[in-house]
Amino acid sequence: MAKVYYTCPYVPIELIIASGHEPLRPQCAAKSLAAEAETEGLCVWAAGFVQTLMQQTDIDAAIFTTACDQMRRTCELYAEHSKSPVFLLNVPKTGSPAAQAILSDEYRRFAGFLANLPGAKFACKAMFLKQDIPNRGCSFSSEKGLALIGGPLFEDDFKMLSRLVAGFRLNICFDGTESVWPQYRLPLSQTQTTADLFELLADNYLSMPAVWKRPVPPFWNWLIEQIQLSRACGVIIIQHPFCDYWRPAIYDIKCRINTPVVMIETGEGGSLSAAALLRLEAFLEQCMP
Amino acid sequence: MNTLSPQLTLNQWKNRYCYLRDNGMVERFYGGPLQRHFDAGDKRLGRLQFDNSPAALALWNLILTEEDRLRLWRHKGGKIIGTMKDLGTTPILAYAFDNLVAFYPDAAWWIPCFKQHQDGLFELAAKNGLDAVFCPVRAMVGAFINEQHFPIPDALICAVGAVCDDFSVVAGRLETLGRDIFWWELPHARIPEGDEPAVLIDDKQSIPCRQVQLVRQELIRITEFLEKVSGTRLSQVRLSKTIQKVNCIRRLLETLRSLVFKSPQCPLGALEMMLTEMLAIHFCSDPDETEIVLAGLLREVQERIASGVGVLPRNAVRVFWINPPADISAMNLLERCGGRLCGTEFMFPHALKCIDETCDPFTALAKAALSDPMIGSSQQRAERIARQIETLNSEAVVMCRIPGASHCAVESRIIANLLRERMNRPVLDIEIPTLIDPYETSLTTRLEALTETVRSRRPL
C-alpha cells in the first residue's frame, strides 16, 4: 500500500483506495511554511502544500492538479526535487463534452499511475464504498452562525478562527472553503448506467462546485444559496495573497446578499496576521448576538 | 560603409511626414500623421522613439486605427468576434466566414499604457473587484464597461483550461457583468507517456494525439457557434484557403524576424519588431492589410541590409526578450541601454509558426492551439527558448515579468534558472509596470549592467 498525498478536491480518492493505496490529504499548517521559503508572487497554499510534502518521510507519490495556475506550476518546482513519483492531473474548467472526455481520460491515466505504485491491487468494489470525506465540524445549529468561504484554509488558522468565533458566542454554520468541497459532491452510485468507470467518475467529480469553473454564475449561485440556507448572519472570506480566483469574491458576495461580509487576507507567510485578526474581531462584535 | 538611420520622436515625425507626402508617399485608407493618434489620447507616443520609414508609419497606423476600422466593418454590416486568450487560433476560424472579423479584447491591457492612465480603465476594473493584484489585462473589463475604446463584439469566445488564473477571472467578470461568453476547453498540453500515440508540434516536442482529438472537437463546437453568429455555414474549402493566407502572413513575418535578428547591424528597432509580431495573433482585424504592411517592412529591411544601413550601432548587445512588456517604451529603453532585440518569445510563438496544410484543417488548428507555450510546462517553454537563443546567438536574456500575472512567479524562476544553468549567458529578471517612468532609473541601471556584462565578456 502506497501513501498518496494530494490536496485538490478533484483528486478521486475512490480510485486511490480502489487501487489499494492510502490517500492522504495533509493538514497543511501555516506554521509549516519555512521562513526562508521564496513565496514572492506565489500562492501561500501552493507553497504550504509543497513544504508539507517535503517534510514527509513516508511519501510514495504526490498528486497535483491543473485546477489553478499556481498549483500547476508549483508541481514543476516540486518535481525537480522530489524522489518519489509526481502526477499532474489535468482538471478541465468547463462542462463541455470534450471537458468530460478530458477528465475521464485523466482518471484512466491516473489509474495507470496508481497501478505502478508499490502494493497496487485494484478492487473495483472499493470505488463505491462510502468515503470518509473531510468535514471540519461546522454545524447547522440554533446559535447564530457565520459562513466561511474562500481559498483552502490552513488547519492551524481554522482552529484559531474557530476559537475566536466561539469567543463571540458564534459558530461556523457553513464551511464553503475549498478544503471541504468534496463533501458537496454527489455520492458515486453503482446503479448509474454509465458503462465506463472513468466516465462515471468524471461525471461525478464534474458535479462538484468549483470557483475556477466556467461559466461563472453556477458556482456563485450555489454558494449564495448555501449561505442563505445556513442562515448565516455574516460571511468571512479567506483570501490568500496571489490567489486570483478568490480575490474578487467580496465583490461577488456583496453584490448579491445583504449579510455583512468581511475579507480576511492571510499574510505572505500563510498565517492570519494580528491586523487581520483585529479586523475579524471588529466584524465579530457586530455579528454577535 | 555602415550608416545609421536615425529614430525619430513624435515631434520629428511631423516634418518627416510632410517631407514624405511632398515626395509622393502613398498611404492606405487608414494612413495619416502619427500626431493625430497622440491628439486623440495616445499620449504614450510622445515618449517613444520611432523608426523613420514609411513602412513603419504604415505599421503604426494599422495598429492605431484598429478600433476605427472595426467600427467601419460593423457599419458595413459585418460582425465582430471577440476572441480571448488562445492568442492565434480562433481568429482563423472567424476569418473563414465572409461577414466576421476577429480581434482580441485582451489587447486592452496596453490601453492604460498608450493613454498614460488617462483612460480610467484600471479604476473601473477595481470598482468591479479587480484590483492591482491582477495583471494589466484587467483593463479589458473597464473597456467593456465604458465602451469608449473598441466596439463591443457581437460574440465573445474565450479559451479556458490551462490558461492563467488572472485571465480566467477577468473574463469571468465580463460574464457576471452580463456579457455572454462561449467558453472552450484548452487543456494543459502534457508530454506523451510511454508508447502513447503522439504528434510532433515542433522539432523536439510532441503532444498526445488524444489531446489533439479533443481540442479538435472543441474547435468544431466553436465553428458551430460561429455559424450561428454569422448566419452562414462554414466551407471547408474557405477554411483551407484562410489557413493558406495565414501561412503566407506568417512566412513573411518569419523572414522578417530572421533578417532582423540575424543581421550584423540591426535594421529595425525593437519597438516596431514587437508590434510586428503582435500582428500575428489576429492580423489587427484585417489580414489583407497586415500582409501589405509586413511586405512593406520586409522590403525596407532588405534594402537597409543591402545598403548597410541600421538603426543601432553595430556593437549593440544581442538580447533575447521573454514576455511582452506592459509598457511598450521598455523596448526603446533596451536600445538606449545598448541592447538590440535578437530573439523574442512574447507568449505566442505558436501564432508565428505555419499551420500544417497537409492534414484536415481542424486537426491542424488543434495542433496549433496545443503548441501554446503557456499551456505546457514551464520547463518545456524554457527548453524551446534555449534552443532559439542558441540558434540566434543571443548574448543575453531579459526575463520580463508582467505585474500581477499568476504565471510569472513560478514560471520566471524555472525559465531563468534553466537558462542560467544551461546557456552561460546573463539573464536579467525584471518586472515592467504599465508605465516605467517612475522606475526608469533603476531599470536603466539594471539593463546597462546587463549590456556591460556582455561587452566585458566579448573577446577583444
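Each reported figure results from applying straightforward, stated rules to the coordinates on display, with no laboratory input. Please read these numbers as outputs of a predicted model, since none were measured by experiment. Note that each Cβ is placed from the backbone with ideal geometry, even for glycine, and that neighbours are counted across all protein chains shown.
First measure r as the distance between the Cβ atoms of residue B:74 and residue A:275, then evaluate 1/(1 + (r/R0)^6) with R0 = 60 Å and state the FRET efficiency to the nearest 0.05. All intermediate terms of the calculation are to be shown ahead of the outcome.
Values: r = 51 Å, r/R0 = 0.84.
Computed FRET efficiency for residue B:74 and residue A:275: 0.75.
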For the range B:178-246, using Cα atoms only, the Rg and Dmax in Å read 15.5, 46
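Multiplying the sequence separation of residue B:292 and residue B:237 by 0.36 nm and subtracting their Cα-Cα distance, what value in nm do you get? The partial results should precede the final answer.
Working: separation 55, 0.36 × 55 = 19.80 nm, distance 2.37 nm.
Between residue B:292 and residue B:237, full extension yields 17.4 nm more.
Given 37 °C and 0.692 mPa s, how large is the Stokes-Einstein diffusion coefficient of the protein assembly as shown in µm²/s, with Rh as the Kirkwood radius over Cα pairs?
It comes out at roughly 120 µm²/s.
Report, to one decimal in Å, the Kirkwood hydrodynamic radius for the range B:332-402 based on all distinct Cα pairs. Display every interim value, and only then the final one.
Values: mean 1/r = 0.0711 Å⁻¹.
Answer for the range B:332-402: a Kirkwood hydrodynamic radius of 14.1 Å.
Could you tell me how many cubic angstrom of Cα convex hull volume the range B:413-460 has per residue? Let's see the in-between values first.
Working: hull volume 3.7 nm³, N = 48.
Hull volume over Cα atoms, normalised by residue count, gives 77 Å³.
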Filtering chymotrypsin sites (Phe, Trp or Tyr not before Pro) in the range A:76-124 by DSSP loop and by at most 14 other Cβ atoms within 10 Å leaves A:122
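What's the longest uninterrupted piece of chain B once you rule out the GluC sites (Glu not before Pro) that are loop residues per DSSP with at most 15 other Cβ within 10 Å?
Working: sites that count: B:27, B:147, B:193, B:357.
Of all site-free stretches, the longest is B:194-356.
Could you state, as a whole-number percent, how many of the C-alpha pairs of chain A are farther apart than 28 Å? Display every interim value, and only then the final one.
Values: 16027 of 41616 pairs.
Counting every Cα pair in chain A, those more than 28 Å apart make up 39 percent.
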Listed by chain and number, the lysines with an alpha carbon less than 26 angstrom from that of residue B:228, same-chain partners under 8 positions apart left out, are A:93, A:213, B:76, B:79, B:85, B:241, B:245, B:367
Rounded to the nearest 5, the percent of antiparallel DSSP beta bridges in the protein assembly as shown equals 10 percent
Cross-link reach from residue B:127 to lysines, straight Cα distance under 16 Å and at least 8 residues apart if same chain, gives A:254
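Remind me, relative contact order of chain B in percent, using alpha carbon pairs under 8 angstrom and six or more residues apart? Don't jump to the answer; show the numbers that get you there.
On the way: 766 pairs, mean separation 81.9, N = 460.
Worked out over chain B, it gives 18 percent.
In whole percent, what relative contact order does the range B:1-99 give with Cα contacts below 8 Å and a gap of six or more residues? Before the final figure, lay out each step's value.
On the way: 63 pairs, mean separation 28.4, N = 99.
Over the range B:1-99, the number comes to 29 percent.
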Amide H contacts under 5 Å for residue B:431, restricted to residues at least 5 apart in sequence or on another chain and with H modeled in the peptide plane, are B:401
The Kirkwood hydrodynamic radius of the range B:134-235, taken as the inverse of the mean 1/r over all distinct Cα pairs, in Å, comes to 16.0 Å
Taking a straight Cα-to-Cα line shorter than 19 Å from residue A:3, and setting aside same-chain lysines fewer than 8 residues away, one finds A:83, A:121
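For the range A:163-256, go through all pairs of different Cα atoms, get the mean of 1/r, take its inverse, and jot down that Kirkwood value in Å.
Numbers: mean 1/r = 0.0646 Å⁻¹.
Result for the range A:163-256 stands at 15.5 Å.
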Here, residue B:203 and residue B:417, labelled 7 Å along Cα→Cβ, have an inter-label distance in nm of 2.8 nm
Cα-based Rg and Dmax for chain B, in Å, come out at 21.3, 67
With no solvent term and unit scatterers on the alpha-carbon positions of the range B:108-191, Debye gives log₁₀ I(q)/I(0) at q = 0.24 Å⁻¹ of -1.20
Length-normalised contact order of chain A, Cα under 8 Å, at least 6 apart, in percent, tallies to 22 percent
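Quick check: from the Cα gyration tensor, does the range A:57-122 come out rounded (a/c under 1.5), prolate or oblate?
Judged from the Cα gyration tensor, the range A:57-122 comes out oblate (a/c at least 1.5, b/c at or above a/b).
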